[in-house]
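This report refers to the structure that appears directly beneath it.
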Amino acid sequence: AAGEWGRINAIFALGEMDSQAAEAVPTLIRCLEDDSHRIVRTALDALGTIGGDAVSAVPRMSRFLTETRPEWEEVTTGRRRWIARDQVRGNVAEAISRLGSQAIAAEDALIEALDDECGYVALYATDALQHLGSPRGQRAVMDLVMAQRWDCSLYETRPW
C-alpha cells in the first residue's frame, strides 16, 4: 500500500539523520509494534543508526529474536528462501551490533540466536555479540566456531 511505503521512506530518512533524529526514537520504538515486517525492519535499522535513547528499545528488539508472527512466514526472497521473520531477526542483530556494548541486555537472546535455523541470523548474532564485548558473549561465539570447525584435508568440501 502507498501508505506503508510512505511510512517506510519516512522512517528510512530518520535513520539517515543518525543522532540528529534522536527526538524520533519514541515514535520509532512504537513502530516496532506494527504488523508490517517492512515497517518493523526499517524502524530497527533506524534505531540502530540513531543510537542514544534507542538503547531503551533493546529488550523489545531482543524479543524479535525468538518470537514470530503468522504473517511473517511469507517467503520474501526467491534465491535464499528467506521468510520475513528471518529478515526481522537479521535486522535486530544488525541494529544491536551498531548499538554496541550499550545493548548488553540483548546478550541472552543473541546467544540463543546462534542456533537460529537461518544461518544469516546466527551470523549477524555473532557480530552483535562481538560488538557487545562481554566475556560471556565472546565465549559463546568461540564455542560456535569450535563446534563448526573442520579439517579440510578430510573432505574436499565441508560435509555440513
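The values are calculated or read from the model by the stated rules, or taken from the named source; none is laboratory data. Predicted model, so just to flag it, every value in this text is computed and none were measured. Neighbour counts run over all protein chains shown; Cβ positions are idealised from the backbone, glycine included. In case anyone asks, the SASA skips ligands and DNA or RNA and just uses the protein heavy atoms, side chains included. Shrake-Rupley method; radii C 1.70, N 1.55, O 1.52, S 1.80 Å.
Suppose the filter is in contact with a Lys or Arg (Cβ under 6 Å, 6 or more places away or on another chain), in a helix (DSSP H, G or I) and at pLDDT 90 or above; does Val121 pass it? Walk me through how you get there before you give the answer.
Values: in contact with a Lys or Arg (Cβ under 6 Å, 6 or more places away or on another chain): yes; in a helix (DSSP H, G or I): yes; at pLDDT 90 or above: yes.
So Val121 fits the description; yes.
Can you tell me which residues in segment 37-61 are of a type in the set (Lys, Arg) and open to solvent by less than 60 Å² (accessible area, probe 1.4 Å)?
Taking segment 37-61 as the starting set, the residues that turn out to be of a type in the set (Lys, Arg) are 38, 41, 60.
If the condition is that a residue be of a type in the set (Lys, Arg) and open to solvent by less than 60 Å² (accessible area, probe 1.4 Å), then Arg41, Arg60 are the ones that fit.
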Report task. Identify, by number, the condition in (1) crowded, with 20+ Cβ neighbours inside 10 Å; (2) over 18 Å from Arg38 (Cβ atoms); (3) without any contact (Cβ under 8 Å) to a residue 40 or more places away in the chain that Gln130 doesn't meet. Result -> (1)
**Report entry** Looking only at segment 8-67, and only at residues there that are under 15 Å from Val88 (Cα atoms) and of a type in the set (Lys, Arg), the one that is farthest from the chain's Cα centre (by Cα)
**Finding:** Arg38
Query raised in the report: List pairs: first in segment 33-53 and under 24 Å from Glu74 (Cα atoms), second not in a helix (DSSP H, G or I), Cβ under 7 Å, 6+ apart or cross-chain?
Result: Val40/Leu32; Val40/Asp34; Ala43/Leu32
Query - Where Val121 falls short, out of the listed (1) over 18 Å from the mean Cα position of the chain (by Cα); (2) of a type in the set (Val, Ile, Thr); (3) within 19 Å of Gly48 (Cβ to Cβ) - result: (1)
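What's the total number of residues in segment 117-133 that are hydroxyl-bearing (Ser, Thr, Tyr) and closer than 16 Å to Val58 by Cα?
In the first step, residues of segment 117-133 are kept if they are hydroxyl-bearing (Ser, Thr, Tyr); the result is 120, 124, 126.
Filter again for closer than 16 Å to Val58 by Cα, leaving 124.
The total comes to 1.
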Report summary line: Condition set of a type in the set (Phe, Trp, Tyr) and in a loop (DSSP other than H, G, I, E, B), scope segment 62-116, selection most open to solvent (accessible area, probe 1.4 Å): answer is Trp82
Report summary line: Arg136 passes all but one of the listed conditions (1) surrounded by 15 or more Cβ atoms within 10 Å (Cβ to Cβ); (2) at pLDDT 95 or above; (3) assigned to a helix (DSSP H, G or I); the exception is number (1)
